[in-house]
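Enquirer: For reference, the structure I am asking about is given below.
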Amino acid sequence: MTTKSLHLTVNGEVYDAFVSENATLLTFLRDVLGLTGTKEGCGAGECGACTVILNGLPVNSCMVLALECEGAEVRTIESEYQNGELSNLQQAFIEYNAFQCGFCTPGMIMSARALLEANPHPSRDDIREAMEGNLCRCTGYDSIIAAIESVGVSAS
Amino acid sequence: MSEYHADSQEFRYIGKPVKRNDGPEKVSGTAQYAGDIVLSGMLHARLLTSPYAHARILSIDTCAAEALPGVRAVITGEHGSVKVGIYMQDKSVIATDTVRYQGEIVAAVAADTVEIAREAVSLIKVDYEPLEVLNDVRKAVEPDAMLLHPHLGTYAHSVGVFFPEPGSNIANHTRIRRGNLEEGFKQADLILENSFEQNQVLHVPLETHVTLVQWGVDDQIKIWSSGQSPFSVRDLFSIAFGIPRANIEVNIPFVGGGFGGKAGIHLEPLVALLSKAAGGRPVKLEPTREEECQTLPCRQGQVARIKTGCTRDGKIVAEQVEILWDAGAYADYGVNIGRASATSACGPYHIPNICVDAKTVYTNHLYGTAYRGFGHPEVFFAVERQRDLMARELGMDPTEFRLKNLLYPGDETITGELITENTGSPDKCLKRAIELIDAQTPYTEAEKEQMAATGKLRGKAAAVLQKAPAMPTWSASSALVQMNEDGSVRISVSGVDYGQGTYTILRQIAAERLKMPIEDVYINKSVITPLSPYDWQTVASRMTSICGMAVMEACDDLIKQIREIGAIALRAAAHEVEFDNAEVYVRQNPQYRIAFGKIAMGYIYENGNAVGGPLIGRGKAIAQGLSNLDEHTGQGKAALDWTYGAHAVEIEVELATGDIEVLQMATVIDAGRVMNEQLLHGQIVGGALQGLGCTFSEVLLHDDQGRLLTRNFTDYKIPTFKDMPRKMYTDVVETPQLDGPYGARGAGEHPLISVTSTVANALANATGLEFYDLPLSAWRVWTKLQEQQQKQQEVQE
């Protein structure tokens, strides 16, 4: 497989790399950059576990080729923890017990982050709508909604 | 003390809102799962699986795959014929002469990269001779049925526990007999017989069965697995390969969901063989979602026939239940699910005359394994549907009918266990669930008119549930509670917390017992068999109860040591020594205290003399009093403890589409004692929604050749954010369990049980449609509504 050069910004850090043409953003993040917080649940864009924020929008990183991200800004779960502090969303997820096994959690938080950036005070229905593409098998979702809602409310 | 709750004793940490302790790493993405682990020299594995549900393997040509640069090992059934299993060793690591389900592993490759491994798999040529497919569990038990396991009689299994019937497709037949069935039916004024059917379903952990193994020099085996059962993996691996247990190191990092599907042993032997064939290099296998769906096991399917005899005043006098479990191609775990289902086959009801036959049957479907509820979600669809159908025949309110027949103290279960005041209260759970959503109040005329006008019919229903841990009579846990230099403690167990909150509950128990700040109570969050104390496996909702008791005993052992060394340091008798807040003191002289940190590693006198030594508490617990069940009557002690519960729902059915919305749902569990309300609520809501998935959308479909049609999240739909009930209520009843820690009993699996039946009963109440199978998808409901309409028109004409 031929490789091509890729220049992009991930979590504020600039990277120049050679990646194979068929590498997805997910495998690039995990295998090349070692950012293993982003998880693969299905590899087919159906579960949202691999959600990252690409140029401000949430994407399934398993469905994006790494080379499509030339010049892009990517944010992963690793960007949430800043200066030794968990983000407001991360704290809310702990407060509301909004995770169990934790495998879908990084993708959940990134989807929620993208939602809150687009809509700082989402209603419960807004949250359901925006988060529908993120599957969780453990929680039954209500605690996740409560966590996201609380961040929206406290932002007011 | 309310009607439903236990005495509110003064606890420091039991029942208190303690946050789970795996939060920071899980919300930050730094929690390490098996797939995140990378080892030096690590190879990547891919699988070749069978496209046929039943075929003879005539030949396999791996030459081209082996010749591909970067391929380090190719293995087939020739290398993997050894059989591995926990209850019934019927499955070899790789299919040998015959494949028995589509998706069965035929060959595996380890290569430098995933891409090379995938390409190598495509170069393996297999010549199959397709065979007739056994696609229906009912056909599989016919006398002249083709035998899928002609050597069933030779398979190793737990003798005296399971009863295979060689010469048939029945891997296990559990019988329960009580009273006199014939006489019972003679007393009945009304006899109702129905059949209920459920297809297989999937567990769907978001993380697949990721496995990493290194078969090192001198047969030193290192395994990293996304599993629920570190010691069972070690045990079964040792038995299969004849390697001493001490040579096998099983590591369980964070696990991305299990739901029973990761209990026992799965891909570890296969990946180990690849590593061995690759000269001992570590090999990682990350199954794709498609492989997770079609190669890794599912929940079994079920066909249940129930015949119930009732007196006119609504007393059940006799019941006959025959359950056929569609085990699929292999029944290693399925035999125990069959056995467990038999012990619970009539629900929490007192019925004097009983005949139960539960048969675990081979077919050419995907094979089944443990799944949250272990046979009970399926049994309770049948039982609790049957109760509503019977009540309707009797013209009796279904709740009144249930309350009349439920088990009460003094009654015996169908296996002859005495119910006591401490067993738990299904009746209270039922009443509370009904109360929470006002499920007994009939709709007003105005409401009915509105339903007719909008074409949206509403219906309510309630049903009960029960389950006891289904496990070997000897299943045990152990725990270590070691003091750190600073007087804090760390707990070690081998229960796996894959999200249910076990580690948090165990910390609460230890902090309560040791009367010390919970911030100073730590627990090891990963299991590593050479270092961690033994535990049978993390299943059956047994962690809080059994592992919890082991932690309590370990704390008591530590307390004994604290008193001993405290007595020396304080120059007092041990019985005079008290402790609190991580300090020891003499009871009659509490102002002088010595911190735990001063005695943790030994007490040092001013002149340098030291006494004592590092403090280590050890504890153990084993299921008390369980017995094997009699082969012919099924009588014996099957249950360590029964957890009861109930659901009530209100649904709305859109006539135009058949779509059902859950307007409100209430789930109540008799948890004995609530250890942590937030965690319990999380288990209940998550379990209930998983149950709604089984109700509305989750079903494995095979074509007529036994090939799986539902192999991804597009075809196999689990609930999303939009499928939550509009309102969800949870509550508990607390009937303390005498042998549970602080009265607690397990509750992890239970919220899923009886969800299907409750909704189906509500659907019948809303529309008059009686479903005897699942799922209640919009298409199936709409189709039945059309048939109903057509019939009504015919009657009118």
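The values are calculated or read from the model by the stated rules, or taken from the named source; none is laboratory data. Everything quoted here is computed from the prediction, not taken from an experiment. All Cβ positions, glycine included, derive from the backbone under ideal geometry; neighbour counts span all protein chains shown. Calculation scope for accessible area: heavy atoms of the full protein, side chains included, ligands and nucleic acids excluded. Shrake-Rupley method; radii C 1.70, N 1.55, O 1.52, S 1.80 Å.
Here is a yes/no grid of residues against (1) in contact with a Leu (Cβ under 8 Å, 6 or more places away or on another chain); (2) among the β-branched types (Val, Ile, Thr):
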{"site": "B:LYS448", "(1), (2)": "no, no"}
{"site": "B:THR454", "(1), (2)": "no, yes"}
{"site": "B:VAL464", "(1), (2)": "yes, yes"}
{"site": "B:LYS467", "(1), (2)": "no, no"}
{"site": "B:SER475", "(1), (2)": "no, no"}
{"site": "B:LEU480", "(1), (2)": "no, no"}
{"site": "B:MET483", "(1), (2)": "yes, no"}
{"site": "B:ILE491", "(1), (2)": "yes, yes"}
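Enquirer: Considering only residues that are of a type outside the set (A, V, I, L, M, F, W, C), assigned to a helix (DSSP H, G or I) and free of Cβ contacts under 8 Å to residues at least 24 places away in the same chain, which ones fall in region A:112-138?
Expert: Of region A:112-138, the ones of a type outside the set (A, V, I, L, M, F, W, C) are A:113, A:117, A:119-126, A:128-129, A:132-134, A:137.
If we keep only those that are assigned to a helix (DSSP H, G or I) too, we end up with A:113, A:117, A:124-126, A:128-129.
Residues satisfying the conditions are A:ASP125, A:ASP126, A:ARG128, A:GLU129.
Enquirer: Take B:THR538 and decide whether it is within 30 Å of B:PRO377 (Cα to Cα), out of contact with any Cys (no Cβ under 7 Å at 6 or more places or on another chain), in a loop (DSSP other than H, G, I, E, B) and open to solvent by 10 Å² or more (accessible area, probe 1.4 Å). Explain how you work it out, then say what you get.
Expert: Details: within 30 Å of B:PRO377 (Cα to Cα): yes; out of contact with any Cys (no Cβ under 7 Å at 6 or more places or on another chain): yes; in a loop (DSSP other than H, G, I, E, B): yes; open to solvent by 10 Å² or more (accessible area, probe 1.4 Å): no.
Here the answer is no, as B:THR538 does not meet what is asked.
Enquirer: A further question on this structure: Could you tell me which residue of region B:636-661 is modelled with the lowest pLDDT, considering only residues that are of a type in the set (A, V, I, L, M, F, W, C) and open to solvent by less than 10 Å² (accessible area, probe 1.4 Å)? Please lay out each step first, then the result.
Expert: Looking only at region B:636-661, we keep the residues that are of a type in the set (A, V, I, L, M, F, W, C), and these are B:638-640, B:642, B:646, B:648-649, B:651, B:653, B:655-656, B:660.
Those left that are additionally open to solvent by less than 10 Å² (accessible area, probe 1.4 Å): B:639, B:646, B:648-649, B:651, B:653.
Values: B:ALA639: 93, B:ALA646: 98, B:ALA648: 98, B:VAL649: 98, B:ILE651: 98, B:VAL653: 98.
Here the residue is B:ALA639.
Enquirer: Under 6 Å between Cβ atoms, which residue pairs at least 6 apart in sequence (or on different chains) link something in region A:63-78 that is more than 25 Å from A:LEU115 (Cβ to Cβ) with a partner that is at pLDDT 95 or above and open to solvent by 70 Å² or more (accessible area, probe 1.4 Å)?
Expert: Close Cβ pairs satisfying both conditions: A:LEU67/A:LYS4.
Enquirer: Output the qualifying pairs, or none if there are none: Cβ atoms under 7 angstrom, residues six or more apart or on different chains, first residue in region B:17-36 and more than 7 Å from chain A (Cβ to nearest Cβ), second residue open to solvent by 40 Å² or more (accessible area, probe 1.4 Å) and part of a helix (DSSP H, G or I).
Expert: Qualifying pairs under 7 Å: B:PRO17/B:GLU677; B:PRO17/B:GLN678.
Enquirer: Hey, can you tell me all the residues within region B:445-463 that are of a type in the set (A, V, I, L, M) and either in contact (Cβ under 8 Å) with a residue 40 or more places away in the chain or not assigned by TED's automatic domain parsing to the domain that holds B:THR758 (or both)? Please lay out each step first, then the result.
Expert: Within region B:445-463, the subset of a type in the set (A, V, I, L, M) is B:446, B:451-453, B:457, B:461-463.
B:LEU457, B:ALA461, B:ALA462, B:ALA463 - these are the residues of region B:445-463 that are of a type in the set (A, V, I, L, M) and either in contact (Cβ under 8 Å) with a residue 40 or more places away in the chain or not assigned by TED's automatic domain parsing to the domain that holds B:THR758 (or both).
Enquirer: Residues of region B:242-265 being farther than 20 Å from B:ARG299 by Cα and either within 13 Å of chain A (Cβ to nearest Cβ) or surrounded by fewer than 20 Cβ atoms within 10 Å (Cβ to Cβ) (or both), which ones?
Expert: Kept after step one, since they are farther than 20 Å from B:ARG299 by Cα, are these residues of region B:242-265: B:242-254.
Scanning region B:242-265 gives B:GLY242, B:ILE243, B:PRO244, B:ARG245, B:ALA246, B:ASN247, B:GLU249, B:ILE252, B:PRO253, B:PHE254.
Enquirer: With the structure loaded, tell me whether B:LEU776 is farther than 30 Å from B:TRP642 by Cα and in contact with a helix residue (DSSP H, G or I) (Cβ under 6 Å, 6 or more places away or on another chain) or whether it fails that test.
Expert: Numbers: farther than 30 Å from B:TRP642 by Cα: no; in contact with a helix residue (DSSP H, G or I) (Cβ under 6 Å, 6 or more places away or on another chain): yes.
In short, no.
Table: residues versus (1) surrounded by fewer than 22 Cβ atoms within 10 Å (Cβ to Cβ); (2) part of a helix (DSSP H, G or I).
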residue	(1), (2)
B:THR695	no, yes
B:GLU698	no, no
B:PHE713	yes, no
B:TYR716	no, no
B:LYS722	yes, yes
B:LEU738	yes, no
B:TYR742	no, yes
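Enquirer: Still on this structure: Every residue in region B:678-692 that is without any contact (Cβ under 8 Å) to a residue 60 or more places away in the chain and either surrounded by fewer than 24 Cβ atoms within 10 Å (Cβ to Cβ) or of a type in the set (Phe, Trp, Tyr) (or both), please. Before the answer, list the steps.
Expert: So the first thing to find is which residues in region B:678-692 are without any contact (Cβ under 8 Å) to a residue 60 or more places away in the chain, and the list is B:681, B:689.
Within region B:678-692, B:HIS681 is the sole residue that qualifies.
Conditions tested, residue by residue: (1) assigned to a strand (DSSP E or B); (2) surrounded by 15 or more Cβ atoms within 10 Å (Cβ to Cβ); (3) modelled with pLDDT under 95.
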{"site": "B:ALA572", "(1), (2), (3)": "no, yes, no"}
{"site": "B:TYR585", "(1), (2), (3)": "yes, yes, no"}
{"site": "B:ILE594", "(1), (2), (3)": "yes, yes, no"}
{"site": "B:LYS598", "(1), (2), (3)": "no, yes, no"}
{"site": "B:GLY613", "(1), (2), (3)": "no, no, no"}
{"site": "B:GLY617", "(1), (2), (3)": "yes, yes, no"}
{"site": "B:LYS620", "(1), (2), (3)": "yes, yes, no"}
{"site": "B:GLY634", "(1), (2), (3)": "no, yes, no"}
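Enquirer: Are any residues in region B:435-467 assigned to a loop (DSSP other than H, G, I, E, B) and either open to solvent by less than 10 Å² (accessible area, probe 1.4 Å) or of a type in the set (Asp, Glu) (or both), and if so, which ones?
Expert: Within region B:435-467, the subset assigned to a loop (DSSP other than H, G, I, E, B) is B:438-444, B:455.
B:ASP438 - this is the single residue of region B:435-467 that is assigned to a loop (DSSP other than H, G, I, E, B) and either open to solvent by less than 10 Å² (accessible area, probe 1.4 Å) or of a type in the set (Asp, Glu) (or both).
Enquirer: With (1) within 18 Å of B:VAL493 (Cα to Cα); (2) open to solvent by less than 10 Å² (accessible area, probe 1.4 Å) as the list, and B:TRP224 as the residue in question, which single condition is left unmet?
Expert: Unmet for B:TRP224, out of (1) within 18 Å of B:VAL493 (Cα to Cα); (2) open to solvent by less than 10 Å² (accessible area, probe 1.4 Å): (2).
Enquirer: Six or more apart or on different chains, Cβ under 6 Å: which pairs go from a residue in region A:99-111 that's facing chain B (nearest Cβ under 7 Å) and over 15 Å from B:ASP36 (Cα atoms) to one that's polar (S, T, N, Q) and buried (at least 24 other Cβ atoms within 10 Å of the Cβ)? Could you list them?
Expert: Listed by first residue and then by second, the contacts come to A:PHE99/A:THR105; A:GLN100/A:THR139.
Enquirer: Would you call B:VAL213 farther than 30 Å from B:CYS694 by Cα, assigned to a helix (DSSP H, G or I), among the β-branched types (Val, Ile, Thr) and in contact with a strand residue (DSSP E or B) (Cβ under 8 Å, 6 or more places away or on another chain)?
Expert: Judged against the criteria, B:VAL213 is not a match.
Enquirer: Just to be sure, is B:GLU378 at pLDDT 95 or above, touching a strand residue (DSSP E or B) at 6+ places or on another chain (Cβ under 9 Å) and either surrounded by fewer than 21 Cβ atoms within 10 Å (Cβ to Cβ) or small (Gly, Ala, Ser) (or both)?
Expert: Details: at pLDDT 95 or above: yes; touching a strand residue (DSSP E or B) at 6+ places or on another chain (Cβ under 9 Å): yes; either surrounded by fewer than 21 Cβ atoms within 10 Å (Cβ to Cβ) or small (Gly, Ala, Ser) (or both): no.
Against the criterion (at pLDDT 95 or above, touching a strand residue (DSSP E or B) at 6+ places or on another chain (Cβ under 9 Å) and either surrounded by fewer than 21 Cβ atoms within 10 Å (Cβ to Cβ) or small (Gly, Ala, Ser) (or both)), B:GLU378 does not qualify.
Enquirer: Quick test for you: out of B:ARG12, B:ARG56, pick the one residue that is touching a Ser or Thr at 6+ places or on another chain (Cβ under 8 Å), of a type in the set (D, E, K, R), touching a residue at least 12 places away in the same chain (Cβ under 8 Å) and away from every other protein chain (no Cβ under 11 Å).
Expert: On the way: B:ARG12 fails: touching a Ser or Thr at 6+ places or on another chain (Cβ under 8 Å).
Result: B:ARG56 is the single residue among B:ARG12, B:ARG56 that is touching a Ser or Thr at 6+ places or on another chain (Cβ under 8 Å), of a type in the set (D, E, K, R), touching a residue at least 12 places away in the same chain (Cβ under 8 Å) and away from every other protein chain (no Cβ under 11 Å).
Enquirer: Filter region B:757-770 down to residues that are in contact (Cβ under 8 Å) with a residue 60 or more places away in the chain and either open to solvent by less than 10 Å² (accessible area, probe 1.4 Å) or among the hydrophobic types (A, V, I, L, M, F, W, C) (or both), then give me how many there are. Working first, answer last.
Expert: We begin by selecting, within region B:757-770, every residue in contact (Cβ under 8 Å) with a residue 60 or more places away in the chain; these are B:757-767, B:770.
Cutting the leftovers down to either open to solvent by less than 10 Å² (accessible area, probe 1.4 Å) or among the hydrophobic types (A, V, I, L, M, F, W, C) (or both) gives us B:757-764, B:766.
So the answer is 9.
Enquirer: Which is within 25 Å of the chain's Cα centre (by Cα) and at pLDDT below 95, of B:ALA540, B:ALA550, B:ALA479, B:ALA463?
Expert: Values: B:ALA550 fails: at pLDDT below 95; B:ALA479 fails: at pLDDT below 95; B:ALA463 fails: at pLDDT below 95.
Unique residue meeting the criteria: B:ALA540.
Enquirer: For region A:67-98, which residues satisfy the criterion of being at positive phi and within 8 Å of another protein chain (Cβ to nearest Cβ)?
Expert: To start, the set of residues in region A:67-98 that are at positive phi comprises A:71, A:83-84, A:97.
Hit for region A:67-98 is A:ASN97, nothing else.
Enquirer: When you scan region B:242-254, do you find a residue that is in a loop (DSSP other than H, G, I, E, B) and in contact with a Ser or Thr (Cβ under 8 Å, 6 or more places away or on another chain), even just one?
Expert: Filtering region B:242-254 for residues in a loop (DSSP other than H, G, I, E, B) gives B:242-244, B:253.
Within this subset, residues satisfying the condition of being in contact with a Ser or Thr (Cβ under 8 Å, 6 or more places away or on another chain) are B:244, B:253.
Yes, that holds for at least one residue.
Enquirer: State the number of residues belonging to region A:132-156 that are of a type outside the set (Val, Ile, Thr) and more than 10 Å from chain B (Cβ to nearest Cβ). Spell out how you get there, then give the answer.
Expert: Initial filter on region A:132-156 (of a type outside the set (Val, Ile, Thr)): A:132-138, A:140-143, A:146-147, A:149-150, A:152, A:154-156.
From the residues that got through so far, the ones that are more than 10 Å from chain B (Cβ to nearest Cβ) too are A:146, A:149-150, A:152, A:154-156.
Final tally of qualifying residues: 7.
Enquirer: Do you know which residues across region B:20-41 are open to solvent by 20 Å² or more (accessible area, probe 1.4 Å) and outside any helix (DSSP H, G or I)?
Expert: Hits for region B:20-41 are B:ASN21, B:THR30, B:GLN32, B:VAL38, B:LEU39, B:SER40, B:GLY41.
Enquirer: Please verify whether region B:545-568 includes one or more residues that are charged (D, E, K, R), under 21 Å from B:ILE523 (Cα atoms) and crowded, with 24+ Cβ neighbours inside 10 Å. Before you say what the answer is, go through the steps one by one.
Expert: So in region B:545-568, the residues charged (D, E, K, R) come out as B:553, B:556-557, B:560, B:563-564.
Right, trim to under 21 Å from B:ILE523 (Cα atoms) and you get B:553, B:556-557, B:560.
When the remaining residues are screened for being crowded, with 24+ Cβ neighbours inside 10 Å, the result is none.
Within region B:545-568 (the criterion being charged (D, E, K, R), under 21 Å from B:ILE523 (Cα atoms) and crowded, with 24+ Cβ neighbours inside 10 Å), the answer is no, since none of the residues qualifies.
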